[in-house]
Amino acid sequence: MIRTISFLPALFTLFTSFISMISFITIAYSSTDVIKKAEEDAMKLVNDTAIEFSSSSQNVIEKINNGIHPYKNKDNAEAYVFIYDENINIVAHPKNELVNKNFKDKTDICGCKFRNEIVARALNKNFGDSGCREINETSKKDNWVYYIYNNPQSKKLEYKKTFFKSVKGIDGKEYVIASGIYLQEIRGCPKNNK
């Protein structure tokens, strides 16, 4: 009987450690699933918007600027689409104070000219060094750019990952349609940036 009692605390510790490990794995897996779903939603929003924009550009711009769902998700303030022209002017955004402003060479807090990067890669242009090296080296092969931006829902600076695509408007000009997801609150700038 004495041996059994002294064994119980060790068994309890082992059991609680096992439960903690399972909980951590579940949370990590769940978080990965949430990000993957958000990425898929952003890509779908960009692709669907591009299809509609190519045949009804002005109508789409008005819907985006008026914050109409699905261009600005009615249930999630973080999920919205925006459009740049070839000169890095925002032509459509649910945050109207950004519309018709030029953002060429504007940086995030770490010195990344993410808008230059998005438009340059989408339209195969060269705006010079964007300063986004450390954040974006892994995304050069796809249509994603990473930067730091203010999350409209949490009101905090967070890493943001934005998917983009070029599309020709009915006016014959090239535009860039983009939508992003917020990843996590920042804890400092990546190496090689500010």
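The values are calculated or read from the model by the stated rules, or taken from the named source; none is laboratory data. Keep in mind that this is a model prediction, so the values were computed, not measured. Methodologically, a virtual Cβ is constructed for each residue, glycine included, from the backbone with ideal geometry; neighbour enumeration extends over all protein chains shown.
Here are the numbers for the structure shown:
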read-out: Checklist (1) touching a residue at least 12 places away in the same chain (Cβ under 8 Å); (2) over 17 Å from the mean Cα position of the chain (by Cα); (3) under 22 Å from residue 43 (Cα atoms) applied to residue 116, failing item; value: (2)
read-out: Leading residue by the ranking (surrounded by the fewest Cβ atoms within 10 Å (Cβ to Cβ)) among those in segment 155-172 that are in a loop (DSSP other than H, G, I, E, B) and in contact with a Ser or Thr (Cβ under 9 Å, 6 or more places away or on another chain); value: 171
read-out: Count - residues of segment 97-114 that are buried (at least 17 other Cβ atoms within 10 Å of the Cβ) and at pLDDT 95 or above; value: 2
read-out: Matching residues, segment 59-115, being among the β-branched types (Val, Ile, Thr), farther than 20 Å from residue 182 by Cβ and not in a helix (DSSP H, G or I); value: 68, 88, 91, 99
read-out: Residue that is in contact (Cβ under 8 Å) with a residue 60 or more places away in the chain and either surrounded by fewer than 16 Cβ atoms within 10 Å (Cβ to Cβ) or touching a strand residue (DSSP E or B) at 6+ places or on another chain (Cβ under 8 Å) (or both), where the choices are 152, 94; value: 152
read-out: Hey, residue 28 modelled with pLDDT of 90 or more, small (Gly, Ala, Ser) and in a helix (DSSP H, G or I) or not; value: no
